Amino acid sequence: MGARRTGRERALQALYQMEMAQGASVNDALESAWSASDEDKRDPDAVRFARELVEGVQGHRAEIDRLIESHSHNWRLDRMSRIDRNVLRVGIFELKYRPDIPRKVTINEAVELGKNFGTEESSAFVNGLLDRVAVALNKQ
């Protein structure tokens with residue numbers, strides 16, 4: 001598995017944990033995510049990317065959440081599953097603040113996270129919402 005995919009998975013796990021345990025620090029949540037993984041050795045690029053994602057989502061969370069709510073049809077943020085909500089947060093952070101990552105890559109990776117960690121409907125929900133946000137952001 002590539003460093004960025006691994007980083008996205010650990011970032012998702014850390015964001016989920018931070019939402020479950022209010023007040024958990026970025027460092028503690030990331031350490032917990034890495035400790036729970038089956039990997040013997042941590043790829044420094046994956047560790048760095050996971051931290052960038054978690055810190056970026058946390059730093060821009062209010063704006064990201066507004067984008068989610070304004071582009072989700074008939075779904076309030078608090079009614080979404082925690083996994084879907086955090087997959088969307090990571091995807092929107094990438095779409096808006098990481099011009100080095102192509103739109104297609106961001107959406108495909110988010111769909112995979114939805115498939116691997118969410119429900120049967122997660123991947124379609126994530127795909128549709130991220131596509132609407134990408135269009136609104138004019139992300140190529």
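The values are calculated or read from the model by the stated rules, or taken from the named source; none is laboratory data. Remember, it's a predicted structure, so these values are computed and weren't measured experimentally. Here the Cβ positions follow ideal geometry from the backbone for every residue, glycine too, while neighbour counts run over all protein chains shown. SASA here: full protein model, heavy atoms, side chains in, ligands and nucleic acids out. Shrake-Rupley method; radii C 1.70, N 1.55, O 1.52, S 1.80 Å.
Using only the alpha-carbon atoms of the chain, report the extent along each of the three principal axes, biggest first, to the nearest angstrom.
Answer, in whole Å and largest first: 40, 31, 29 Å.
On the accessible surface of region 1-67, probed at 1.4 Å, how many percent belong to carbon and sulfur atoms? Spell out each step's value before the answer.
On the way: 1660 of 3650 Å².
Ligands and nucleic acids excluded, carbon and sulfur give 46 percent.
What does the accessible area per residue of region 1-101 come to in Å², with a 1.4 Å probe and no ligands, DNA or RNA counted? Show your work: numbers first, answer last.
Details: 5290 Å² over 101 residues.
Normalised by residue count, the accessible surface of region 1-101 is 52 Å².
Residue by residue, what Karplus-based ³J(HN,Hα) values in Hz, rounded to whole numbers, does region 112-122 have, using 6.51, -1.76 and 1.60 with θ = phi - 60° and x for Gly and Pro?
Couplings: 5, 4, x, 5, 6, 10, x, 8, 4, 8, 4 Hz.
Note the count of lysine pairs whose C-alpha atoms are less than 24 angstrom apart in the chain, limited to pairs 8 or more residues apart or on different chains. Can you show the working numbers first?
Values: K96/K104; K96/K115; K96/K139; K104/K115; K104/K139; K115/K139.
Taking the chain as the scope, the lysine pair count is 6.
Between A124 and N27, what FRET efficiency follows from the Cβ-Cβ distance if R0 is 41 Å, with the result rounded to 0.05?
Details: r = 34 Å, r/R0 = 0.83.
With a Förster radius of 41 Å, E is 0.75.
Only sites in a loop by DSSP and with at most 16 other Cβ atoms within 10 Å count here; which GluC sites (Glu not before Pro) in region 19-66 make the cut?
Working: sites: E19, E31, E39, E52, E55, E63; in loops: E39.
Filter output for region 19-66: E39.
What residue among A110, A24, A46 has the largest mean-square fluctuation in a Gaussian network model of the chain, using Cα springs under 10 Å?
Residue with maximal mean-square fluctuation among A110, A24, A46: A24.
Picking from D45, D84, D65, which is most flexible by a Gaussian network model of the chain using Cα springs under 10 Å?
Most flexible of the set in this elastic network: D45.
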